Amino acid sequence: MQAVVLDLGHTIIDFGPAEDALRDTYVRVLAMLTGRARAELPSTEGMVQGVSRRIVDAINASYLREELEELDILTLFDSSLRELGFHLDPATVHQIAVMEHRALASGEVLPAENLAAIRHLKDQGLKLGLVSNVTLLPEMMREDMERLGLLEYFDVTVFSSEEMVRKPHPRIYQAALTRLGVPAAGAVFVGDRLKEDVRGPKEVGMRAVLTRQFRHEDPRDAAVPPDAVIASLVDLPAVLTQWT
């Protein structure tokens with residue numbers, strides 16, 4: 001085994017509440033946009049519902065349709081803001097997307113034991129990669145990882161918002177393997193979802209481990225079973241030792 005490739009959300013990190021931070025952000029956004037609306041200025045809650053919730057609904061709907069092509073987050077922000085009467089330049093749309101991202105990221109939680117597990121894998125000489133389905137700006141995802149103390153341990157980070165395809169499309173796993181410089185047979189994927197983190201990686205030739213720390217998908221329901229099931233990342237080194 002030469003490399004471990006991990007999912008991010010509900011595999012390494014969890015998500016806590018960020019509603020207050022989100023509303024505070026849209027208070028600042030409204031102050032910034034005063035005088036620029038072509039309709040009656042919405043309330044803070046109107047902005048949260050009309051922008052943030054509308055974008056989440058669009059993303060969720062695309063997942064329900066099982067679309068593998070990723071959505072463009074800035075296009076979603078621009079169209080949502082236009083619906084509220086704001087016709088903004090691209091730089092301002094980007095600024096608002098960054099502001100919202102940082103508000104929501106304030107709820108991210110990295111358990112100390114998961115960081116220790118990542119560090120242990122790196123100390124064992126393994127290459128580490130990350131592949132995450134996320135519509136959000138990739139540079140902001142790396143900012144989050146750096147703030148949490150994770151980024152330094154990863155040789156490669158691949159986000160669907162860069163590749164513009166989502167797991168389980170084979171291209172996103174192959175992008176990580178190519179950048180890591182390892183064959184599929186020399187890598188294991190670790191994640192919390194049976195379709196994206198088990199079936200997808202195994203179909204390109206990787207091994208796959210299902211973690212159930214935050215999400216509890218039942219491996220008995222898998223069309224393609226995982227090679228191992230762990231309670232959390234703390235258990236991963238023992239699995240890799242057993243294989244080697």
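So which residues in region 119-138 are surrounded by fewer than 20 Cβ atoms within 10 Å (Cβ to Cβ) and of a type in the set (S, T, N, Q)?
Gln124, Thr135
For region 162-173, how many residues are open to solvent by 20 Å² or more (accessible area, probe 1.4 Å), assigned to a helix (DSSP H, G or I) and either of a type outside the set (Asp, Glu) or modelled with pLDDT under 95 (or both)?
2
Within region 193-215, work out how many residues are acidic (Asp, Glu) and either more than 21 Å from Ala117 (Cβ to Cβ) or surrounded by 24 or more Cβ atoms within 10 Å (Cβ to Cβ) (or both).
Matching residues across region 193-215 total 2.
Residues of region 29-52 being at pLDDT below 95 and buried (at least 19 other Cβ atoms within 10 Å of the Cβ), which ones?
Leu33, Pro42
Please pick out the residue among Ala228, Ala176, Ala223 that is touching a helix residue (DSSP H, G or I) at 6+ places or on another chain (Cβ under 9 Å), touching a residue at least 24 places away in the same chain (Cβ under 8 Å) and either closer than 21 Å to Ile13 by Cα or open to solvent by 50 Å² or more (accessible area, probe 1.4 Å) (or both).
It is Ala223.
Would you be able to tell me the number of residues in region 139-160 that are open to solvent by 20 Å² or more (accessible area, probe 1.4 Å), in contact (Cβ under 8 Å) with a residue 24 or more places away in the chain and either within 20 Å of Leu71 (Cβ to Cβ) or among the aliphatic types (A, V, I, L, M) (or both)?
Of the residues in that region, 1 qualify.
The values are calculated or read from the model by the stated rules, or taken from the named source; none is laboratory data. What you see is a predicted model; the values in this text were computed from it and never measured. A quick note on method: Cβ atoms are made from the backbone with ideal geometry, for glycine too, and the neighbour counts reach across all protein chains shown. Note: accessible area is taken over every heavy atom of the protein model, side chains too, but ligands, DNA and RNA are not part of it. Shrake-Rupley method; radii C 1.70, N 1.55, O 1.52, S 1.80 Å.
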